[in-house]
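Read the figures in this text as sums done on the coordinates, not as results from a lab. Everything numeric in this text was worked out from a predicted model, so none of it was measured. Cβ placement follows ideal geometry from the backbone for every residue including glycine, while neighbour counts extend to all protein chains displayed.
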Amino acid sequence: MATIYLDYNASTPIAPEVAAAMRPLQEDVYGNPSSGHWAGAPAKVAVENARSKVAALLGCHSDEVVFTSGGSEANNLALKGLFFRRNDRPSHLIVSEIEHPATLEPCRFLERLGAKVTYVRVDGAGLVDPDDIRKAITKDTFLISVMHANNEVGTIQPIAEIAKIAREHGVPLHSDAAQSFGKIPTQVDDLGVALLSIAGHKSYAPKGIGALYIRRGIEIEPLIHGAGHESGRRAGTESALLTTALGKACEIAPPWIGAPGVRRLRDVFWENLRAAFGDQVALNGHPVLRLPNTLNVSFIGRVGADILARIPDVAASTGSACHSGEIALSPVLKAMGVAPAVGMGAIRFSLGRGTTREEIDGTVDRLKRALA
């Protein structure tokens, strides 16, 4: 029986065009980009070409793009980098309750160092109320961090509206765009953000590469100190191979922005699930303001992990886990106020560029048999 991959929010395959762009770098471009001789020159060119391609998709200047090892490092660099520039001044940070652990865990670390953190609640669809952000701002607020789109339920946040509030108070806004980058528009001026994180392996590039957009005028303290790479913002010899891969992924992304074909498949998937299971299946997340590829559904009264165990040839993610007979609800669904009887049956199906109608129909058929 053929396997079906519906976990693109967890990681994407490397696009063929990206793999092809990487091949010459594996053999012919081996010099250090910082070296001043003939071997380093092509590596330097490759890194800067890649930087310009990332900048083009973000709509920013090339010197505002800092390459990192991935989205987690980019988030850590944004939060900790601004905090450590405070020089022991009182520090207050605002984040949403449904951020990725790559944001929430740095916040908890900074709390141990004396920072105050306000965790803003979301509604039942996973949306942040911008007015709650406004109310949370204090004279010590040094950063607001709200993800562009949630990785579990796909809900897209009103980032431009939050950015307007942030600017009115002179506070920079950071957004984790690991899930939205390459799927919906992420032009930084349209969003109004001061910092934005992306991850290569969520957008058809390899793991181990990401970037942080830092608007001109924003100063951060590096997390990694060394020889002053990335304009002194992130030490470590750049990988011409991995940066080229991310650059190529950005270059081929525009036709997929908005992904009408993927969105149609996702909607057909949901319609077929409702036809098959009726009121025993519920949608998690915003019905409209949602990533075009993401379908998070709950099979009411069931356990998501148990369902996936019955259809092992389908790769998807569950929003609950069973340990010693107890169900642990996803923190995101819990923050949204989803009832345990509903949330424990949550499964996230995330589609991608390679998803077919046959795979969607096949998944529905497998679910029917598994839940019969």
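Things worth noting here:
- Global size of the range 16-253 as Cα Rg and Dmax, reported in angstrom: 17.8, 58
- Paired Rg and Dmax values of the range 48-181, which use every Cα atom, in angstrom: 14.7, 43
- Out-of-range pairs (alpha-carbon distance over 24 Å; input Lys164/Lys334; Lys183/Lys207; Lys80/Lys248; Lys53/Lys207): Lys164/Lys334; Lys80/Lys248
- A full extension of the chain between Ser62 and Ser231 corresponds to an added length of 59.7 nm, given 0.36 nm per residue minus the alpha carbon distance.
- Angle in degrees between helix 16-27 and the longest Cα principal axis of the chain, rounded to the nearest 10: 40 degrees
- The range 142-206 and the range 96-127 have Cα centres separated by 15 Å.
- In this rough spin-label picture, where each label sits 7 Å from Cα along the Cβ direction, the Glu168-Ala275 distance is 4.7 nm.
- Equivalent ellipsoid dimensions for the range 138-283 as semi-axes, Å, which come from the Cα gyration tensor, largest first: 32, 22, 13
- In this simple spin-label model, placing a label point 7 Å from the Cα along the Cα-to-Cβ direction at both Arg310 and Glu219 gives a separation of 6.0 nm.
- Expressed as a fraction of 2.2 N^0.38 Å, the C-alpha radius of gyration for the range 158-220 is 1.16.
- Relative contact order for the chain: 23 percent, from Cα pairs under 8 Å spaced at least 6 residues apart, divided by residue count.
- For the peptides 23-34, 307-318, 42-53, 64-75, residues were scored by their other Cβ atoms within 10 Å and the scores averaged per peptide; the highest-first order is 64-75, 42-53, 307-318, 23-34.
- Over the range 95-171: Rg over Rh, Cα atoms, Kirkwood Rh: 0.95
- Using alpha-carbon coordinates, inclination of helix 101-112 to the longest axis of the chain, degrees: 60 degrees
- For the range 142-216, averaging the sequence separation of C-alpha pairs within contact (under 8 Å, six or more residues apart) and dividing by the residue count gives a relative contact order of 27 percent.
- Overall Cα dimensions of the range 245-372 - principal axes, largest extent first, Å: 47, 30, 27
- Distances between every pair of Cα atoms in the range 216-280, grouped in 10 Å steps from 0 to the bin holding the largest one, split as 16, 21, 22, 17, 16, 8, 0 percent.
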